[in-house]
Amino acid sequence: MSNRLRNNVIALGIVVCFWIIFVLPVMAADPIVTQSTSTSTVDNTTNTKTRVLTNPPSAISPSINASNSDLCVVGVSGAVQTMILGASFGKTVVDTNCERLKLSKLLFDLGMKVSAVSILCQDERVHRAMKNSGTPCPIFDEATGEGLIGKEAQKVWDLNPKLIPEAKNEPLNKGAWLEKLASGIISVILLALLVAG
């Protein structure tokens, strides 16, 4: 027998002995079995009563979309809710200064610079600033039927001071006054209902 064959037989014998001594007894052993039994009983009885005294408030102020960059309006809205009565309102307010700026820019972009300045001069602050800087606002002279600029315009402004724009302290007209009065009365009534409720 050659050495190689003898070494293979010895190695095979070692492997067989290892299996007989260590592996087969473990495989033949009974497996470990764990059993657990649990029993529980839960009895739960719940009695619930819900009593609703009032409805939840539901007055919702209207959404006014004034986010478009070409609009010169501001949205104003509000709502009041009591247990008895609810009210909501909403409206838009025109921003005349924004309109003036947009019109002036449009005229300037069209190359009508004097017209653009003339629109801005409708504001008394711009009119005063133009006069203080030595470049008076343009004006239409009814006597000659022409638009005047510079010193000629200043002469016409000096002759017609009533044409110079003034700071606007506009009194309320009758309709606006009645609208504000009605809004105030409704607000007081709703507030009284809210406190009483």
Query raised in the report: So which residues in the range 128-145 are farther than 17 Å from V156 by Cβ and in a loop (DSSP other than H, G, I, E, B), if there are any at all?
Result: S133
Report task. For the range 102-113, enumerate the residues that are surrounded by 15 or more Cβ atoms within 10 Å (Cβ to Cβ) and among the hydrophobic types (A, V, I, L, M, F, W, C). Result -> L103, L107, F108
**Report entry** Count - residues of the range 115-127 that are surrounded by 15 or more Cβ atoms within 10 Å (Cβ to Cβ) and in a helix (DSSP H, G or I)
**Finding:** 8
Query raised in the report: more than 30 Å from L103 (Cα to Cα), out of contact with any Phe, Trp or Tyr (no Cβ under 7 Å at 6 or more places or on another chain), modelled with pLDDT of 75 or more and not in a loop (DSSP other than H, G, I, E, B) - does that describe any residue in the range 46-59?
Result: no
Requested in this report: Among the residues of the range 149-162, count how many are at pLDDT below 85 and closer than 18 Å to A116 by Cα.
Outcome: 0
Report summary line: Checked G134, G175, G145, G184 against criteria (surrounded by 10 or more Cβ atoms within 10 Å (Cβ to Cβ) and among the small types (G, A, S)); the one match is G184
Query raised in the report: Scanning for something more than 30 Å from S58 (Cα to Cα) and over 43 Å from the mean Cα position of the chain (by Cα), does the range 164-177 turn up at least one residue?
Result: no
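Would you confirm whether any residue within the range 166-188 is part of a helix (DSSP H, G or I), in contact with an Asp or Glu (Cβ under 9 Å, 6 or more places away or on another chain) and either at pLDDT 80 or above or of a type in the set (A, V, I, L, M, F, W, C) (or both)?
Filtering the range 166-188 down to residues part of a helix (DSSP H, G or I) leaves 174-188.
Now drop any that are not in contact with an Asp or Glu (Cβ under 9 Å, 6 or more places away or on another chain), which leaves none.
So far as the range 166-188 goes, no, none of its residues is part of a helix (DSSP H, G or I), in contact with an Asp or Glu (Cβ under 9 Å, 6 or more places away or on another chain) and either at pLDDT 80 or above or of a type in the set (A, V, I, L, M, F, W, C) (or both).
Being part of a loop (DSSP other than H, G, I, E, B) and either modelled with pLDDT under 65 or under 30 Å from G86 (Cα atoms) (or both) is the filter here; which residues of the range 1-32 pass it? Break it down stepwise before answering.
Restricting attention to the range 1-32, the residues satisfying the condition of being part of a loop (DSSP other than H, G, I, E, B) are 1-2, 29-32.
M1, A29, D30, P31, I32 - these are the residues of the range 1-32 that are part of a loop (DSSP other than H, G, I, E, B) and either modelled with pLDDT under 65 or under 30 Å from G86 (Cα atoms) (or both).
The values are calculated or read from the model by the stated rules, or taken from the named source; none is laboratory data. The structure displayed is predicted, hence computed values, not measured ones. All Cβ positions, even for glycine, are placed from backbone atoms using ideal geometry, and neighbour counts span all protein chains on display.
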